[in-house]
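The values are calculated or read from the model by the stated rules, or taken from the named source; none is laboratory data. Predicted, not measured: the structure shown is a model, and the values here were computed from it. Here the Cβ positions follow ideal geometry from the backbone for every residue, glycine too, while neighbour counts run over all protein chains shown. Protein only, heavy atoms only, side chains kept; ligands, DNA and RNA dropped before computing areas. Shrake-Rupley method; radii C 1.70, N 1.55, O 1.52, S 1.80 Å.
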Amino acid sequence: MAGLLGAVKPLETSMMRMPSIGLGTWPMKGAECEVAVEGALGLGYRHLDTAEMYGNEVEVGRGLRASGLAREDVFVTTKGWWDKTTGPALRAAAEASLERLGTPYVDLYLIHWPSPAMDLPGLLEALAKLRQDGLAKAVGVANFPAGLLTRALALNIAPIACDQVEHHALLGQDKLLKVCAAHDVVLTSYTPLGKGKVGEHPVVAGIAARLGVAPGQVALAYALAQGPRHGAKVAVIPKAAGAARQTENLGAAGVTLTQADLAAIDALPKDQRMVNPDFRPDWED
């Protein structure tokens, strides 16, 4: 597995160093989650993604400790839920997450979703304080569309290192990628396989067959390629419980798509959103 690990290029910004392929843990819970995390780390993963809302931070922490790896060798992200609309509430949520994870710090702490009721300056001040106090090495946001991210950056309160959003071959994020590129913000793609729909598309399946790789690997390679294509940095965090799929996803780092492949996937619809809750922000912002 050393070869796979070596193929996963770390993304380096002025604020953090993050492996470009991570393990998404939603919606795994209990023993399944703990085993999946320990197994993934054994295969070569060095990036774990969880959240308060996932209800699995305890198991993620257990899996991390069971792996035997040093804490500093694994990049851990967690997130505070959208009902934390004030700085004090977010601070309390972050401290509770650290207790559940059993770690003195996380590598990245995010606001999980924006809320219409949120005190944005207050939340950003709380993020800045988490970083200042060493509870989070880097901080950022999730599900912030381009306009909202731009406004948050303009406040210049917290060093926003990441915006974690849905992003895959059937949902373009060109507008957001432009903002991220201009401000050295990593775009982390959740649901990078589009809940399996990307790999099922005949165009993607055809490219995979020609290359002799799995369709999901083509989907991940395409998402990762959007970083250099936009002058930005993109990470992916596909969920996978079993060793076979985990290995397949990690192997996407070694898949190279041709310009013709990229153009063919570019031509697919880019408006198919898989995650769209009632409390979503205005995606056109």
Subject >> Kirkwood Rh, Cα atoms: Rg over Rh of region 132-249 >> reply: 1.03
**OP:** Rounded to the nearest 500, what is the 222 nm mean residue ellipticity of the chain from helices alone, with -39500 (n - 2.57) per DSSP H run of 4+ residues and division by all residues?
**Re:** -13000 deg cm²/dmol
Original post:
Out of residues 5 or more away from A235 or on other chains, whose amide H comes under 5 Å of its own, with H placed 1.01 Å from N in the peptide plane?
Top reply: L187, T188, S189
Original post:
Roughly how big is region 134-189's charge dipole about its Cα centre, with Cβ charges of +1 (Lys, Arg) and -1 (Asp, Glu), in debye to the nearest 20?
Top reply: 120 debye
Original post:
Can you pull the accessible area of Y190 for me, 1.4 Å probe, Å² to the nearest 10?
Top reply: 30 Å²
Subject >> Whole-percent pair-distance distribution, where bins are 10 Å wide, for the alpha carbons of region 72-185 >> reply: 15, 48, 30, 7
**OP:** Would you mind telling me which residue in T258, T25, T247 has the biggest mean-square fluctuation in a Gaussian network model of the chain, where springs connect alpha carbons within a distance under 10 angstrom?
**Re:** T258
**OP:** Please work out the Cα center distance from region 225-285 to region 60-112, rounded to the nearest Å.
**Re:** 24 Å
**OP:** With N denoting the number of residues in the chain, provide Rg(C-alpha) divided by 2.2 N^0.38 Å, to two decimal places.
**Re:** 0.94
**OP:** Normalising by the residue count of the chain, find the relative contact order in percent from Cα pairs under 8 Å and 6+ residues apart.
**Re:** 20 percent
Original post:
When the dipole is taken about the Cα centre of the chain, and only Lys, Arg (+1) and Asp, Glu (-1) are charged at their Cβ, what size is it in debye, to the nearest 20?
Top reply: 380 debye
**OP:** Quick one: compute the contact order of region 52-131, relative version, from alpha carbon pairs under 8 angstrom and 6+ residues apart, as a percent.
**Re:** 39 percent
Original post:
Looking at the chain, what % of its DSSP beta bridges pair antiparallel, to the nearest 5?
Top reply: 15 percent
Subject >> Selected from A89, A152, A182 as most flexible by GNM, with the chain as the system and alpha-carbon contacts under 10 Å >> reply: A182
**OP:** Would you check the chain for Lys pairs whose C-alpha atoms are within less than 22 Å, ignoring same-chain pairs closer than 8 in sequence, and give me the count?
**Re:** 26
Subject >> q = 0.11, 0.14, 0.16, 0.19 Å⁻¹, region 1-134: log10 I(q)/I(0) [Debye, one scatterer per Cα] >> reply: -0.40, -0.63, -0.81, -1.08
**OP:** Averaged over every viewing direction, what's the projected area of the C-alpha convex hull for region 222-285? Give it in nm², one decimal, please.
**Re:** 6.3 nm²
Subject >> GNM flexibility winner over the chain from Q259, Q173, Q132 (Cα, springs under 10 Å) >> reply: Q259
Original post:
Hey, rough spin-label estimate for L211 and D119, points 7 angstrom out along Cα→Cβ, what's it come to in nanometres?
Top reply: 4.8 nm
